[in-house]
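**Student:** For reference, the structure I am asking about is given below.
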Amino acid sequence: ILMDRKNYKSYLGLGISYKSEQNYEKAIKALETARKLSAFSADIHYELGLCYLLTGRCCEAIKSFHHAISLDRGNINAQLQLGVAHEFIEEYDMAILIYHTIIENNPGFISAYNHLSALYMNLGEFKAAGNVFSQILKVNPNFNKAYLGLAICFDKMSNKSRALHYYKMFLDKKPHSHHAPRIKKRISKLQTIKQTENEERSLAVV
């Protein structure tokens, strides 16, 4: 920068360095300088969007991500973060639309499925979340967290049999997961509830 004050790539690199050190205000200052020198760099707008998002300035983040996407239509990370920014300001319908659009155009991009399923779960829409987890497993059958996600969704919907099925599948694939102790307790509780319900049904028949 001392050698060439108009070298926008140096300011971009400086901004990214400050961001990695979590010094977001200095990062924004450097990136804004880079933007003034080269307004047609998608990378600058993307990095600015990330810094604005990390500092809770979601409206500025949304503008920056829109600029990044307009300059580079293939930047799916910018599209994803745009969805996250809309989530932060509780524009959930817009976030869902963005995630669905990313998935339609990039069916192998697991991060979009993850954000969409998490949003559905946070909204209490467990059937929709379960559908997304099922989609993930079609794309990548070895994505083990999707089995746990399905188990939780069915558990929340009081479908004990399917919840047990997917909890057990997750444990079979990840027996040493840090989630394992809680899952084992939940399996035991669900099995007890199912056994009690079966006994009550038997008594009712008699």
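The values are calculated or read from the model by the stated rules, or taken from the named source; none is laboratory data. Quick caveat, the model's predicted, so the values are computed rather than measured. Methodologically, a virtual Cβ is constructed for each residue, glycine included, from the backbone with ideal geometry; neighbour enumeration extends over all protein chains shown. Each accessible area value is taken on the protein alone, full model and side chains, heavy atoms only, with ligands, DNA and RNA left out. Shrake-Rupley method; radii C 1.70, N 1.55, O 1.52, S 1.80 Å.
**Student:** Heavy atoms only, 1.4 Å probe, whole protein assembly: order His165, His45 by accessible area, highest first.
**Tutor:** His165, His45
**Student:** Over the range 1-142, with every protein chain in place, what whole percent of the accessible area is carbon and sulfur at 1.4 Å, could you tell me? Show your work: numbers first, answer last.
**Tutor:** Working: 3990 of 7840 Å².
Of all accessible area on the range 1-142, carbon and sulfur atoms account for 51 percent.
**Student:** If I fit a long axis through the Cα atoms of helix 126-139 and take the longest principal axis of the Cα atoms of the chain, what angle between them do I get, 0 to 90°, rounded to 10?
**Tutor:** 70
**Student:** Can you tell me the mean projection area, over all orientations, of the convex hull of the range 124-182's alpha carbons? Units nm², please.
**Tutor:** 3.8
**Student:** To the nearest 10 degrees, how steep is helix 42-54 against the longest Cα principal axis of the chain, on a 0 to 90 scale?
**Tutor:** So the inclination is approximately 60 degrees.
**Student:** Send over the Kirkwood Rh of the range 88-198, from the inverse of the averaged 1/r over different Cα pairs, rounded to one decimal Å.
**Tutor:** Numbers: mean 1/r = 0.0678 Å⁻¹.
When all Cα pairs of the range 88-198 are included, the Kirkwood radius is 14.8 Å.
**Student:** Projecting each Cα onto the charge dipole of the chain (Lys/Arg +1, Asp/Glu -1 at the beta carbon, about the Cα centre), which of Ile103, His67, Ala118 comes out farthest on the positive side?
**Tutor:** Ala118
**Student:** To the nearest 20 Debye, how big is the dipole of the chain about its Cα centre, given +1 on the beta carbon of each Lys and Arg and -1 on that of each Asp and Glu? Mind showing how you got there, number by number?
**Tutor:** On the way: 27 positive and 19 negative charges, 141 e Å.
It comes to approximately 680 debye.
**Student:** Let me ask you something else. Given the DSSP H assignment, sum -39500 (n - 2.57) over each helix run of at least 4 residues in the chain and divide by its residue total; what's the result at 222 nm in deg cm²/dmol, nearest 500?
**Tutor:** Theoretical 222 nm ellipticity from helices: -25500 deg cm²/dmol.
**Student:** Pairs on different chains or at least eight residues apart, Cα atoms closer than 18 Å: how many lysine pairs in the range 139-181 fit?
**Tutor:** Within the range 139-181, the lysine pair count is 6.
**Student:** Okay, moving on. How big is the range 23-71 on each of its three principal axes, counting only the C-alpha atoms and giving the largest first in Å?
**Tutor:** Each principal axis gives a Cα extent; for the range 23-71 these are 24, 19, 12 Å.
**Student:** What Kirkwood radius, in Å to one decimal, follows from the Cα pairs of the chain?
**Tutor:** 19.7 Å is the Kirkwood radius here.
**Student:** Suppose all protein chains stay in the model; what accessible area per residue would a 1.4 Å probe give for the chain, in Å²?
**Tutor:** Values: 12190 Å² over 206 residues.
Solvent-accessible surface per residue comes out at 59 Å².
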